[in-house]
Amino acid sequence: MSAGPAEPPAGVRRIHAVPVRYPGRWVSAVVVLVLAAMAVHALLTNPKFAWPTVGQYLFATPVLRGVGWTLALTVGSMAIAVVLAITLAVMRDSTNPVLRAVAWFYIWFFRGTPIFTQLVFWGLISVLYPRLSLGIPFGPEFWSFSTKDVFTAAVAALIGLALNEAAYLAEIVRAGLESVDRGQQEAAKALGMKDGPILRRIVLPQAMRVIVPPTGNETISMLKTTSLVLAVPFTLDLQFATNAIGNRIFQPVPLLLVAALWYLAITSVLMVGQHYLERYYGRGFDPTRNAGPQRSGRGPRQAAINAARTTPEISTVDDMGRPAGGWG
Amino acid sequence: MNEQRSEGHGPMVELTGVHKFFGEHHVLRGIDVVVPRGSVTVVLGPSGSGKSTALRCVNQLEEIDAGAIHVDGELMGYREGTRRGEPTLFRLHPKAIAAQRAKIGMVFQRFNLFPHMTALGNVVEAQVQVLGRTKSDADTRARAILDQVGLSDRVDFYPAQLSGGQQQRVAIARALAMDPELMLFDEPTSALDPELVGEVLAVMRDLAGSGMTMIVVTHEIGFAREVADQVVFMADGQVVEHGTPEAVLGAPSEQRTRDFLARVL
Ligand SMILES: Nc1ncnc2c1ncn2[C@@H]1O[C@H](COP(=O)(O)OP(=O)(O)OP(=O)(O)O)[C@@H](O)[C@H]1O
Ligand SMILES: [Mg+2]
């Protein structure tokens, strides 16, 4: 498990055995390669896919602008949704029955109605409520504004996506919070920590280990849900932009490919981001990884110390009966 | 080890007629215990007798249903006042309860270290969050205490990379860094392999020697005999017998104590 095998002391002969062969892996690799080659060939040589047209539009201005808007809607709505979801999840576990009821109602409502309908509603809000105002409920108004100045199509799309997503994420966050051992909260309480810091510093960072993977899933799903914003109607996103071009030049297929390639590319980037997030929040949970590898310089040094086994008291079995030695 | 000693007078901890129910289950049935300043009290008793519950009541991890608990002369969990001329208890706000807890260190059977922080991070965290120390002050203090418990070469390890005995010593260091006036131990060695028990007991022995007031729930009779000033024997939610280790362990007057000792010795 250590980074490099230490030089064995004199008199110890390291085993140099012939490793087990797995011919099945080679056979399957060849089969997969052949199938993949056939698929690529079928894609590239079929003139109906019109690859030159794909190339022509892949970096066209409206397409790039669509990519930008789709990314902005995805990242923006997920960011709002995560904050809202954590709030909702905490409210659901609150001792305050009013907060619990509000959170329950929110989740019930936004999960229970179609996202398309919600987006249509947010698009219509300036028609339904032409002026919104701040003031005492049922009393005097202090400040009012024209709804359509604030709820532009982009804002309506962003809020519509975020509010809906928060309801789903709230359940994910709640599962994450519940996955953290009760003893963690008790230990923090016993140290005199207050509820806010306990959540922020102790519980949430550990819950993130459970929260991040399904949230990554939700983000990738959101990437494609953004195409529904035409319900608002918001018409600058990737799906709408490529569709419009495809219809205009009577070649829908290559423009569908343009969109698909971009969605794939963005998904790949998001997956890389998710990988690093998972690694960050997994720190301390995987004893096979050395202390502080994310911090500069300490990783290799620690590995060297461990490999040297000069430090005492490494037990062979930890308190739960799992083998514990050999982390170095 | 720990120079500061509280200025107050009277006992450090006083439980007076403490009752606790879990639903219908009457778990503590009138507990009276007095822990003098700077003394070590070891609590013994069969499983389910309410030892952990009593300990958790002292630092308000559980709310009591009757009686009173005073720590350093201060009533835990409530403010005494009057309402319509009648003396009345007012429940303290969670923030005030948190402040009361900060003076009491607690060590758990299952360590409960924060797994996402290194040993150093575990010891630094509450110093910064609760005591408002600067990062660098907290860091210095944490390293000094980790050194005291023999872990100066383990500061950058995560809990999962430490043995049980090392983890429990980090947990003790984490509590000590808050400069508590009282330390509570709930079976601190019960989750450890036999060969690791000694290193944790050694740290606790040092701590007792430094004058820390301690309440220790344990099945380590040897530790009780050697370190305790007072042994409290509990059964069925009551204190059956208490006194010096010689009296309670050597010449128990109650049959239930004799039965228990016969089983654990
Ligand atoms: N949160 C709880 N809810 C309901 N019952 C509880 C709770 N905590 C403890 N009890 C019950 O209270 C009784 C006393 O428990 P406690 O943990 O204080 O015993 P103990 O003396 O510490 O035992 P052990 O030696 O096994 O740790 C037990 O019957 C237990 O089942
Ligand atoms: Mg117990």
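Restricting attention to the range A:268-287, which residues are touching a residue at least 60 places away in the same chain (Cβ under 8 Å) and within 10 Å of chain B (Cβ to nearest Cβ)?
Answer for the range A:268-287, where residues must be touching a residue at least 60 places away in the same chain (Cβ under 8 Å) and within 10 Å of chain B (Cβ to nearest Cβ): A:281, A:282, A:285.
Within the range B:146-158, take every residue that is in contact (Cβ under 8 Å) with a residue 40 or more places away in the chain and in a loop (DSSP other than H, G, I, E, B) and give me the one that is nearest to residue B:119 (Cα to Cα). Show your work before the answer.
Taking the range B:146-158 first, the residues in contact (Cβ under 8 Å) with a residue 40 or more places away in the chain are B:148-150, B:158.
Adding the requirement that they be in a loop (DSSP other than H, G, I, E, B) leaves B:149-150, B:158.
Numbers: B:149: 12, B:150: 12, B:158: 6 Å.
Restricting to residues being in contact (Cβ under 8 Å) with a residue 40 or more places away in the chain and in a loop (DSSP other than H, G, I, E, B), the top hit is B:158.
Would you pick out the residues in the range B:239-265 that are open to solvent by 60 Å² or more (accessible area, probe 1.4 Å) and of a type in the set (Asp, Glu)?
B:246, B:254, B:259
Across the range B:161-184, what is the total count of residues that are at the interface with chain A (Cβ under 7 Å from one of its Cβ atoms) and hydrophobic (A, V, I, L, M, F, W, C)?
Looking only at that region, the number is 1.
For the range B:60-87, what are the residues that are open to solvent by 30 Å² or more (accessible area, probe 1.4 Å) and on the phi > 0 side of the Ramachandran plot?
Listed by number, the residues that qualify are B:67, B:72, B:73, B:84, B:85.
Pick from the range B:186-203 the residues that are among the acidic types (Asp, Glu) and away from ligand 2 (no atom under 16 Å from the Cβ): which of them is nearest to residue B:150 (Cα to Cα)? Write out each step before concluding.
As a first pass, look at the range B:186-203 and keep what is among the acidic types (Asp, Glu): B:186-187, B:193, B:195, B:199.
Right, trim to away from ligand 2 (no atom under 16 Å from the Cβ) and you get B:193, B:195, B:199.
Numbers: B:193: 18, B:195: 16, B:199: 9 Å.
Among them, the one singled out is B:199.
Could you check the range A:178-202 and list, in sequence order, the residues that are surrounded by fewer than 19 Cβ atoms within 10 Å (Cβ to Cβ), more than 7 Å from every other protein chain (Cβ to nearest Cβ) and among the small types (Gly, Ala, Ser)?
Those that are surrounded by fewer than 19 Cβ atoms within 10 Å (Cβ to Cβ), more than 7 Å from every other protein chain (Cβ to nearest Cβ) and among the small types (Gly, Ala, Ser): A:179, A:196.
Could you list, in sequence order, the residues of the range B:34-59 that are open to solvent by 20 Å² or more (accessible area, probe 1.4 Å) and more than 13 Å from ligand 1 (Cβ to nearest atom)?
Listed by number, the residues that qualify are B:34, B:36, B:37, B:38.
Looking at B:143, B:174, which is the one that is crowded, with 20+ Cβ neighbours inside 10 Å and more than 16 Å from ligand 2 (Cβ to nearest atom)? I'd like the intermediate steps shown before the answer.
On the way: B:143 fails: crowded, with 20+ Cβ neighbours inside 10 Å.
Every option except B:174 fails the conditions.
Which members of the range B:213-238 meet the condition of being surrounded by fewer than 21 Cβ atoms within 10 Å (Cβ to Cβ) and among the small types (Gly, Ala, Ser)?
Scanning the range B:213-238 gives B:222, B:235.
Residue B:148 versus (1) buried (at least 20 other Cβ atoms within 10 Å of the Cβ); (2) more than 9 Å from chain A (Cβ to nearest Cβ): which is the lone unmet condition?
Only one criterion is unmet by residue B:148, namely (1).
Of all the helices (runs of 4 or more DSSP H) wholly in the range A:60-141, which have at least 1 residues that are surrounded by fewer than 16 Cβ atoms within 10 Å (Cβ to Cβ) and under 20 Å from the mean Cα position of the chain (by Cα)? Walk me through it before giving the result.
Details: elements: A:61-92, A:97-112, A:115-128.
Once the helices (runs of 4 or more DSSP H) in the range A:60-141 are filtered for at least 1 residues that are surrounded by fewer than 16 Cβ atoms within 10 Å (Cβ to Cβ) and under 20 Å from the mean Cα position of the chain (by Cα), what remains is A:61-92, A:97-112.
Six or more apart or on different chains, Cβ under 7 Å: which pairs go from a residue in the range A:44-64 that's in contact (Cβ under 8 Å) with a residue 24 or more places away in the chain to one that's among the polar types (S, T, N, Q) and in a helix (DSSP H, G or I)? Could you list them?
A:63/A:242
With the requirement that a residue be aromatic (Phe, Trp, Tyr) and in a helix (DSSP H, G or I), what does the range A:227-284 give you?
Of all residues in the range A:227-284, those aromatic (Phe, Trp, Tyr) come to A:234, A:240, A:250, A:262-263, A:276, A:280-281.
Result: A:240, A:262, A:263, A:276, A:280, A:281.
Output the residues belonging to the range A:146-177 that are among the polar types (S, T, N, Q) and either open to solvent by 50 Å² or more (accessible area, probe 1.4 Å) or within 14 Å of residue A:219 (Cα to Cα) (or both). Give the steps one after another, and end with the answer.
Here is the first cut: in the range A:146-177, the ones among the polar types (S, T, N, Q) are A:146-147, A:152, A:164.
Selection gives A:152, A:164.
Would you check which residues across the range B:97-140 are within 16 Å of ligand 1 (Cβ to nearest atom) and open to solvent by 60 Å² or more (accessible area, probe 1.4 Å) and list them?
Here is the first cut: in the range B:97-140, the ones within 16 Å of ligand 1 (Cβ to nearest atom) are B:106-112.
Matches in the range B:97-140: B:109, B:110.
The values are calculated or read from the model by the stated rules, or taken from the named source; none is laboratory data. Keep in mind that this is a model prediction, so the values were computed, not measured. Here the Cβ is made from the backbone with ideal geometry for all residues, glycine too, and neighbour counts use every protein chain on show. Heads up: the accessible areas ignore ligands, DNA and RNA and are worked out on the full protein's heavy atoms, side chains in. Shrake-Rupley method; radii C 1.70, N 1.55, O 1.52, S 1.80 Å.
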